[in-house]
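Report on the following structure.
The values are calculated or read from the model by the stated rules, or taken from the named source; none is laboratory data. What you are looking at is a predicted structure, and each value in this text was computed from that prediction instead of being measured. Quick reminder, even Gly has a Cβ in these numbers, built from the backbone with ideal geometry, and neighbours come from all protein chains shown. In case anyone asks, the SASA skips ligands and DNA or RNA and just uses the protein heavy atoms, side chains included. Shrake-Rupley method; radii C 1.70, N 1.55, O 1.52, S 1.80 Å.
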Amino acid sequence: MLPGQMMNRPLSIPAIIDFAAETFPDTEIVTALPGGGTHRQTYHQTHARVARLAGALVALGVRPGDRVATLAWNTHRHFEIYYATAGIGAVCHTINPRLPPAQIDFIMRHAEDAVLFHDTDLAGLVGQLGHARALGDRVIALDDGYEALLDAAAPLRAWEAMDENAASGLCYTSGTTGDPKGALYSHRSCVLMALMIAAGRVSLCPPGGKFLPVVPMFHVNAWGLPYAAPITGNGLVMPGNRLDGESLFRLMDAEGVYSAWGVPTVWMGLLEAMDRHGRRPAGFEEVVIGGSAASGQMIERFEEGYGVRVHHCWGMTEMSPIGTSGVLEPQEAALDRKARTRLQLSQGRRLFGVEMKTVDETGVAQPADGQHDGELAVRGPTIISGYYRNPEADHSAFDAEGWFRTGDRARIGPRGRLRLVDRIKDLIKSGGEWISSIELEQVAMRHPGVAICAAVGMPHEKWGERPVLVVVPRPGERPDPEAIRAVLAQSLAKWQVPEEIVFRASLPMTATGKVSKLDLRRLLREAAATGP
Ligand code: AMP
């Protein structure tokens, strides 16, 4: 090998805030405050505060590699903790406050967190955590005490010199079965993810535009936005803990947010608010939907109803997290409505740096022809090479060639386009044939009276399993099950159409805003046991 003669400067997270403070000093991070109103600070001001917080962390005795936990919403302070921990070589361990306290305690003990920052409305939760009690005065509320800590601190003069492969962040998957597993990100993987977001045009936000991460900073780095926004010179609008449709509408309208990112459930709320106002929030041009499958109804309500472009993406905690981008190429964008929606129901094309393959049960790679499906496996510099301190989980998570097995069933089509069939454990097996719960749900959502729905497989004597469709009607609607079945029968085989359609006022949700099929199956079992 003839070695290249280029400098081997590390890709580092603090370099992002240095860059933003220098080149986009006036661009703002705006945070919605719990009592109403907003807090505003520029990247220049943020840089100074990050240096102070880094100094305070050093004074507290936090050392490189130590885990600093957060139980916090999307705010400028949470952003500061991301960067200050990185600046001293520590690890920002973001924790989902919606998890059961016992699981949070497990996660904190497993991570051996040395410090905990928490938002004040989560103080009650913190009080229930044994590990937090053991931390004593290393539990810091994000209130005036935090501001006093910053005021008293000597700003760190120079960021810790670190290897780009050093750990920077830790996020546990919300284990629906078994204990949560940790994905340990590095400076290199986070910077690459931010560059991949920019290069892969996950967003078409112009320079100076504003991003709204509704996706929480406690869930896979808010899909990389706290790194991608400052790199691209864009502002951030942080919603705090007010994620209902009306609060989001008002914040976006007042701030002129161009691009908002989050899971389908939050967009249901925003769309209801947009319907009430009869318009989109000012400046709102694009919505990035991921985490669960978007429905055609949602895509068309945004695009046809309000002229807001939809980018449907797919990713995972283990992938930093974005794997595919739903931005349409010009010839695709020019398609008629039906063809365009069909394309947008897919999860988009892979980002540069994400390799994908599908394999059958024996591990044989399937053709990427859009026809064959199989378990999706991925490889790349932003994908975990192992779970944090969990060799048992690693055993089944990687194949012999080191690809990460996603647990998703999918088809890869021409042009690197991904179409997710289902989470493998959510597939419904009826009479030996598979039914995709995602497809069933997407088709059922074409009935205008269906607000949201979920399909699960329930045990059946003759067929092994039969699909049951659980529907939450749109406000004021009472859809007829026969009419829903008629919509399903237009696109699905007869045997795929569920006999049983159940109506409920809401669906059980996981801590990350997805429908919890585990809880739904349990609720259906309980209902069957107690009878009508
Ligand atoms: P998490 O690690 O909690 O972000 O969950 C990752 C999982 O969410 C993936 O493995 C998929 O099963 C699911 N997922 C993410 N994005 C999508 C999408 N656009 N459509 C369908 N499922 C998705």
Give the residue that is modelled with the lowest pLDDT, with candidates limited to residues of the range 463-515 that are small (Gly, Ala, Ser) and under 19 Å from Gln442 (Cβ atoms). Gly513
Quickly run through the range 1-37 and pick out the residues that are of a type in the set (S, T, N, Q), outside any loop (DSSP other than H, G, I, E, B) and either surrounded by fewer than 16 Cβ atoms within 10 Å (Cβ to Cβ) or out of contact with any strand residue (DSSP E or B) (no Cβ under 9 Å at 6 or more places or on another chain) (or both). Thr23
Output the residues belonging to the range 452-465 that are assigned to a strand (DSSP E or B) and surrounded by fewer than 21 Cβ atoms within 10 Å (Cβ to Cβ). Met458, Pro459, His460, Gly464, Glu465
Among the helices (runs of 4 or more DSSP H) lying completely within the range 62-131, list those that include at least 1 residues that are hydroxyl-bearing (Ser, Thr, Tyr). 76-87
Filter the range 128-151 for residues that are open to solvent by 90 Å² or more (accessible area, probe 1.4 Å) and more than 19 Å from Arg63 (Cα to Cα); the one that is nearest to the chain's Cα centre (by Cα) is Gln128
Being in contact with a Pro (Cβ under 9 Å, 6 or more places away or on another chain) and open to solvent by 90 Å² or more (accessible area, probe 1.4 Å) is the filter; apply it to the range 482-502 and report the residue that is nearest to Leu469 (Cα to Cα). Glu500
Is at least one residue of the range 433-444 open to solvent by 40 Å² or more (accessible area, probe 1.4 Å) and within 13 Å of the ligand (Cβ to nearest atom)? yes
Quick check, is Gln347 within 13 Å of the ligand (Cβ to nearest atom), assigned to a loop (DSSP other than H, G, I, E, B) and modelled with pLDDT of 95 or more? yes
Checking the structure you have, find out if any residue of the range 503-517 is in a helix (DSSP H, G or I), among the polar types (S, T, N, Q), out of contact with any Asp or Glu (no Cβ under 6 Å at 6 or more places or on another chain) and open to solvent by less than 40 Å² (accessible area, probe 1.4 Å). no
Test: Arg67 is open to solvent by 40 Å² or more (accessible area, probe 1.4 Å) and of a type in the set (D, E, K, R): no
Subset of the range 519-532 (residues that are open to solvent by 80 Å² or more (accessible area, probe 1.4 Å) and either in a loop (DSSP other than H, G, I, E, B) or within 16 Å of the ligand (Cβ to nearest atom) (or both)): Pro532
Determine which single condition Arg342 fails, assuming it passes every other condition in (1) out of contact with any Gly (no Cβ under 7 Å at 6 or more places or on another chain); (2) surrounded by 20 or more Cβ atoms within 10 Å (Cβ to Cβ); (3) assigned to a helix (DSSP H, G or I). (2)
Restricting the search to the range 402-418, which residues are open to solvent by 60 Å² or more (accessible area, probe 1.4 Å) and at pLDDT below 95? Pro414, Arg415
Return yes when Gly431 is at positive phi, touching a residue at least 12 places away in the same chain (Cβ under 8 Å) and touching a helix residue (DSSP H, G or I) at 6+ places or on another chain (Cβ under 8 Å) and no when it is not. yes
Could you check the range 307-339 and list, in sequence order, the residues that are in a strand (DSSP E or B) and either in contact with a Cys (Cβ under 9 Å, 6 or more places away or on another chain) or among the small types (Gly, Ala, Ser) (or both)? Gly315, Ile322, Gly323, Thr324, Ser325
Of the residues Lys181, Lys210, which single one is away from the ligand (no atom under 14 Å from the Cβ) and open to solvent by 20 Å² or more (accessible area, probe 1.4 Å)? Lys210
Exactly one of (1) without any contact (Cβ under 8 Å) to a residue 12 or more places away in the chain; (2) hydrophobic (A, V, I, L, M, F, W, C); (3) touching a Ser or Thr at 6+ places or on another chain (Cβ under 9 Å) is unmet by Ile29. Its number? (1)
List pairs: first residue in the range 63-81 and touching a residue at least 60 places away in the same chain (Cβ under 8 Å), second residue of a type in the set (Phe, Trp, Tyr) anywhere in the structure, Cβ distance under 6 angstrom, at least six positions apart or on different chains. Thr70/Phe117
Got at least one residue in the range 223-232 being in a loop (DSSP other than H, G, I, E, B), open to solvent by less than 10 Å² (accessible area, probe 1.4 Å) and within 16 Å of the ligand (Cβ to nearest atom)? yes
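Per-residue answers, yes or no, for (1) polar (S, T, N, Q); (2) open to solvent by less than 70 Å² (accessible area, probe 1.4 Å); (3) within 25 Å of Ala293 (Cβ to Cβ):
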{"position": "Gly363", "(1), (2), (3)": "no, yes, no"}
{"position": "Tyr387", "(1), (2), (3)": "no, yes, no"}
{"position": "Pro391", "(1), (2), (3)": "no, no, no"}
{"position": "His395", "(1), (2), (3)": "no, no, no"}
{"position": "Leu420", "(1), (2), (3)": "no, yes, yes"}
Out of curiosity, is Gly449 open to solvent by less than 30 Å² (accessible area, probe 1.4 Å), within 15 Å of Arg521 (Cβ to Cβ) and in contact with a helix residue (DSSP H, G or I) (Cβ under 9 Å, 6 or more places away or on another chain)? no
Within the range 266-324, which residues are among the small types (Gly, Ala, Ser), closer than 30 Å to Ala377 by Cβ and more than 11 Å from the ligand (Cβ to nearest atom)? Gly296
Residue pairs meeting the criteria (Cβ under 8 Å; at least 6 apart or on separate chains; first closer than 13 Å to Pro97 by Cβ, in the range 122-134; second assigned to a loop (DSSP other than H, G, I, E, B)): Leu122/Ala72; Leu122/Pro97; Leu125/Pro97
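Residue by residue, here is whether (1) open to solvent by 10 Å² or more (accessible area, probe 1.4 Å); (2) more than 30 Å from Leu122 (Cα to Cα); (3) of a type outside the set (Phe, Trp, Tyr) holds:
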residue: Arg242; (1), (2), (3): yes, no, yes
residue: Phe249; (1), (2), (3): no, no, no
residue: Thr265; (1), (2), (3): yes, no, yes
residue: Gly269; (1), (2), (3): yes, no, yes
residue: Arg276; (1), (2), (3): yes, yes, yes
residue: Gly283; (1), (2), (3): yes, yes, yes
residue: Glu300; (1), (2), (3): yes, yes, yes
residue: Val308; (1), (2), (3): no, yes, yes
residue: Glu318; (1), (2), (3): yes, no, yes
